[in-house]
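Below is one structure, written out as structure tokens; the observations come after it.
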Amino acid sequence: MLCSVVDVQQGPVYYDTRSHILTTLAYALIPICAITILILVSMWMWKRHKNAYHQALPTCDPSPATPPSPLLGYSPLQLLEVKARGRYGCVWRAQMKSRIVAVKIFPLQDKQSWATERDIYLLPQMGTCNNILQYLGAEKRGDNLNTELWLITEFHERGSLYDYLKVLSYVVTAANI
């Protein structure tokens with residue numbers, strides 16, 4: 001459709017309204033399409049990133065089996081009661097022969113935490129200090145998906161240092177009030 005405007009000096013000027021409509025549509029639709037594509041690409045990348053961290057559990061432990069600790073040699077341990085549960089596993093009061101011990105049990109997916117804690121206890125300086133929890137050993141119990149990682153230490157009836165300091169902090173704060 002053509003529209004005419006009369007210019008006094010040059011005569012009638014004709015404007016093509018179809019080209020104006022197409023230009024307006026292009027200016028409106030191109031940003032909408034670009035934003036839609038950007039959102040779709042972002043969602044695809046987020047889903048791909050999320051799936052990379054949620055891989056299926058292995059059906060067997062890919063690392064070679066850790067031999068039992070020389071002090072323990074798969075000593076019979078009787079788990080007596082759960083003392084605490086946390087992010088990396090649970091702590092049991094257990095009996096090893098006639099001795100009461102603490103057993104921290106890690107699930108297989110927290111193997112790195114278990115190995116790190118075991119390696120810390122195996123440092124040469126750790127065995128010479130009487131004020132540090134005595135390490136007795138580490139073992140893998142079970143097979144395939146039922147594998148549990150055990151860290152065995154001496155047992156302290158009064159609980160953890162963290163719990164003691166938390167109570168002490170409350171007593172000191174309450175006394176100051």
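For segment 116-125, which residues satisfy the criterion of being surrounded by 14 or more Cβ atoms within 10 Å (Cβ to Cβ) and either among the aromatic types (Phe, Trp, Tyr) or touching a helix residue (DSSP H, G or I) at 6+ places or on another chain (Cβ under 9 Å) (or both)?
Tyr121
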Can you pull out every residue in segment 142-170 that is touching a residue at least 12 places away in the same chain (Cβ under 8 Å), under 27 Å from Asn130 (Cα atoms) and either among the acidic types (Asp, Glu) or part of a helix (DSSP H, G or I) (or both)?
Glu154
Could you check segment 1-105 for strands (runs of 3 or more DSSP E) lying wholly inside it with 3 or more residues that are at pLDDT below 90, open to solvent by 60 Å² or more (accessible area, probe 1.4 Å) and polar (S, T, N, Q)?
none
Out of all the residues in segment 127-164, which are open to solvent by 100 Å² or more (accessible area, probe 1.4 Å) and out of contact with any Leu (no Cβ under 8 Å at 6 or more places or on another chain)?
Thr128, Asn130, Asn131, Asn146, Glu157, Arg158, Leu161, Tyr162, Tyr164
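The values are calculated or read from the model by the stated rules, or taken from the named source; none is laboratory data. Here the structure is a predicted model, which is why all the values come from computation and not from measurement. So basically every Cβ, Gly included, is an ideal-geometry build from the backbone, and we count neighbours across all protein chains shown. Note: accessible area is taken over every heavy atom of the protein model, side chains too, but ligands, DNA and RNA are not part of it. Shrake-Rupley method; radii C 1.70, N 1.55, O 1.52, S 1.80 Å.
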